[in-house]
Amino acid sequence: MTTYISDIAHYNEVLARVASVRHSLVIGTADIKDLYVKVGAGREPFLAVLDLLVRRGVEVRLLHAKEPGPNFREDFDKYPALIRKLQRKLCPRVHFKMMVFDCEVAYIGSANLTGAGIGMLIGLIAGLCIHKKPEVANAEQRQAEQNASKQKEN
């Protein structure tokens, strides 16, 4: 099944899915900034969700094109499990925006990992969420891994 995702659905259909990942999460983004998610009546940094995942033993890989902003870096330092376990790679050539959830669901779209992109402040963005198509999810994951290994060579 393929679902068209636009505007606030990016938050509800894609970003909110991250907390339910059981085994692996691959994220590729051109831009990464301070991003917050809803928790009850409040909000918390998206990094808190990733921290919970890695502490549960989920493999989380993040491939991004440029250094995150100062707010993101400040929040990142609050999560020691991420410092130890998050597989993070900087690759300036990355322009794609994608997420692969447990090699079962893949998101491909225009939303960066930012508040204005995929977060609660939605702009003019669109994408596709592809469910139960492991061949697509595996292809996206392979592309992210190939880009990361190419960056090592350079």
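The values are calculated or read from the model by the stated rules, or taken from the named source; none is laboratory data. Remember, it's a predicted structure, so these values are computed and weren't measured experimentally. Using ideal geometry, Cβ is built from the backbone for each residue, glycine included, and neighbour counts are taken over all protein chains shown. With ligands, DNA and RNA removed, areas are computed over all heavy atoms of the protein, side chains included. Shrake-Rupley method; radii C 1.70, N 1.55, O 1.52, S 1.80 Å.
Within the range 1-50, restricting attention to residues that are in a strand (DSSP E or B) and under 12 Å from the mean Cα position of the chain (by Cα), the residue that is surrounded by the fewest Cβ atoms within 10 Å (Cβ to Cβ) is Ser24.
When the residues of the range 88-108 are filtered to those that are hydrophobic (A, V, I, L, M, F, W, C) and either part of a strand (DSSP E or B) or open to solvent by 60 Å² or more (accessible area, probe 1.4 Å) (or both), the one that is nearest to Arg73 (Cα to Cα) is Leu90. Considering each residue of the range 117-131 in turn, at least one proves to be within 18 Å of Leu47 (Cβ to Cβ) and either modelled with pLDDT of 90 or more or over 14 Å from the mean Cα position of the chain (by Cα) (or both).
Please work out if Tyr79 is in contact with a strand residue (DSSP E or B) (Cβ under 8 Å, 6 or more places away or on another chain) and surrounded by fewer than 20 Cβ atoms within 10 Å (Cβ to Cβ). The answer is no for Tyr79. The set of residues from the range 51-76 being open to solvent by less than 80 Å² (accessible area, probe 1.4 Å), modelled with pLDDT of 95 or more and either assigned to a loop (DSSP other than H, G, I, E, B) or among the β-branched types (Val, Ile, Thr) (or both) comprises Val54, Gly57, Val58, Val60. Checking the range 77-97 against the condition returns no match, with no residue being at pLDDT 90 or above, β-branched (Val, Ile, Thr) and under 24 Å from Asp7 (Cβ atoms). Among the criteria (1) out of contact with any helix residue (DSSP H, G or I) (no Cβ under 8 Å at 6 or more places or on another chain); (2) touching a residue at least 60 places away in the same chain (Cβ under 8 Å); (3) open to solvent by less than 10 Å² (accessible area, probe 1.4 Å), the one Asn112 does not fulfil is (3).
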